[in-house]
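A quick write-up on the structure given underneath.
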Amino acid sequence: MKHRKNWMVAALAGGAVLLGILQVPVMPVAQAAPAFPVPADEAEDTLLMTNGQELKGKILSETPTTIKFRLSIAGITTDVEYPRSQIKEVRKGKAGGDKPETPRPETPKADPAAGEEAAAATAEAPTDATAQDTSSPGDIIPVDGRQRYYYAELTGRFGEDITQMVISRLLKDAQKQKADVVIFYLDATWKFRNSEDGKDAPDDVASFDAIFRSEDILPMLVEGVPKEWDKAPKMVFWVRTAMGGAAMLPISCPNIYMHPEGRIGGLGDLSFIFGSTGDEVVRQKQRSLRLGHAKGWMHKGGYDERIMSAMAQAEYVLSMHPDGTLYEGYPENPADELLTDDGEKENVDTLEQRVRGETNDVLTIKPRIAQLMGLSKGTFDSKDDLLAALDLSVNAVDVSPKAKKISDGWKEELARTRTQLKNMWRDYREVRVQPPAEYQQRTAARGKRRNILKQMKNVLERYKEALTPPFFQEYEFPAQTPDKMIEWITFADERIWIEQQKDKKPPSKLWHSSPGSSGW
């Protein structure tokens, strides 16, 4: 066990140096009141959920469509708003002072581990609170021989608001509705975080490695739909903003249409990845492997792979004949158009070019160029115009009445998940025992901390696809990614367990803490 503990410490320390994940030390445990006593009257209301769960707590407020509920798990309270569609039955207990308040005993009467397992079993309940179901049989629009199209908007930050979970839900709903055409309007936020002016980031801001985030989504679109649907629909992307990892979604699709303000790019830093340190041959090989990934997905869409080279590599020169034919190198005659230069010396983009959005060190695909090179099939500024171009405006039926609810529901679900994790992390740090403490009090505190850790792990594992470093940085978590946070939880839980095993002391021995210890 000692070797295992040392290995985990070394692994986490190494990750911290490499990724800068450690933000704060483990909080010392001293001088605070016991956390969150729960009066008996707050545990009297019961919600019987459609998934079979029975939740105990207190109803805070009700509307025709939702119930706000204070849920208590192992002494930790969380306020959650549940849609009535997920509630099978409501059982209201006695409110007010019908019963005297019963303090929760500090000393557990049973094995703390048993309580931990019970709490962990129900820990996921709040995280599903706003999940939006796809269409039920009563929502299916009858087939009447007309073309059936499904229209959904993907908006917000890529990798957070736009993830495989929400796209999967939309595709399942479209499949239930037997859609012939699936249209995704893509407007992925491309702004600096905490930007005061709220303006979009310029074209030359780049994050090539974000393509790997898209590789969790692309197989669903490119391979999953043809495999899982009885009749694969025509997939369409209508692009307003597809920068960074989001650029990979449309370029793997054979049917791209652009908004007049549309742009696809944000991948132009490949040449600068790894800097100038280490062996140049190794760096070039790594860049080549990354570029090969991106070109592979572009090939799936049926597009010229040289477009990806121009989007990703500052030194790559690409030109185009008037008929849209592409070729590598500078223009061969005056009628040809230079798309990207080599970005060196006098060819480096100027500040004026950046401000005007006319950079050409790397390629950002705009509507005119997209249509000339055959990447886009047209440019439209309204949904109606797009539907007309797809021959869906007259003899067709919209089968996407739940699409907005699914997209908005995911954003609400994610917001609640972030709040839940933030509160759990706060509660974990606030679980303290005032000295002098008896063995049973120390055991109860350790059990409560382990409960919270298990709940956090459940939530992280379920929603890790949408939890990004800025969230963990803002609330000072000890790690900056879900996977690293799960590693930290595993180590912290084991450390608490070891301390508990060492704490087989007579109850009369006084509790003490020392600098650098966990405080029990």
**OP:** Give the relative contact order (percent, whole number) for region 384-465; include only Cα pairs under 8 Å separated by 6+ residues.
**Re:** 28 percent
Subject >> Karplus-derived HN-Hα couplings along region 249-262 (A = 6.51, B = -1.76, C = 1.60, θ = phi - 60°), whole Hz, x at Gly and Pro >> reply: 5, x, 6, 9, 10, x, 10, 10, 10, 10, 7, x, 9, x
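Any idea what the relative contact order of region 257-390 is, in percent, if you count C-alpha pairs under 8 Å spaced at least 6 apart? Please report the intermediate quantities before stating the final value.
Values: 183 pairs, mean separation 41.1, N = 134.
Contact order relative to length: 31 percent.
Listed here are the pairs Lys191/Lys234; Lys172/Lys454; Lys172/Lys402; Lys191/Lys366; which of them are more than 22 Å apart at the Cα?
On the way: Lys191/Lys234 31 Å; Lys172/Lys454 31 Å; Lys172/Lys402 11 Å; Lys191/Lys366 18 Å.
Pairs exceeding 22 Å: Lys191/Lys234; Lys172/Lys454.
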Subject >> Members of Lys56/Lys457; Lys300/Lys457; Lys68/Lys231; Lys58/Lys178; Lys56/Lys411; Lys377/Lys484 lying beyond 31 Å, as alpha-carbon distances in this model show >> reply: Lys300/Lys457; Lys68/Lys231; Lys58/Lys178; Lys377/Lys484
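Give me the percent relative contact order of region 219-328, please, defined on Cα pairs under 8 angstrom at least 6 residues apart. Kindly include the intermediate steps, with their values, before the conclusion.
Values: 130 pairs, mean separation 25.2, N = 110.
23 percent.
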Original post:
Rounded to the nearest 0.05, what FRET efficiency do Glu62 and Lys404 have when you use their Cβ-Cβ distance and R0 = 25 Å?
Top reply: 0.55
Subject >> Which of Lys366, Lys68 has the fewest Cβ neighbours within 10 Å, and the rest in rising order >> reply: Lys68, Lys366
Subject >> Distance between modelled label sites at Met49 and Ile498, nm, 7 Å Cα→Cβ extension >> reply: 3.5 nm
**OP:** Could you pull out every one of the lysines with an alpha carbon less than 16 Å from that of Lys285, ignoring same-chain neighbours closer than 8 positions?
**Re:** Lys295
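We did not get these values from a lab; they are worked out from the coordinates using the rules stated. All figures in this text were calculated on a predicted structure; none of them were measured in a lab. Cβ: placed from backbone, ideal geometry, glycine included. Neighbour counts: every protein chain shown.
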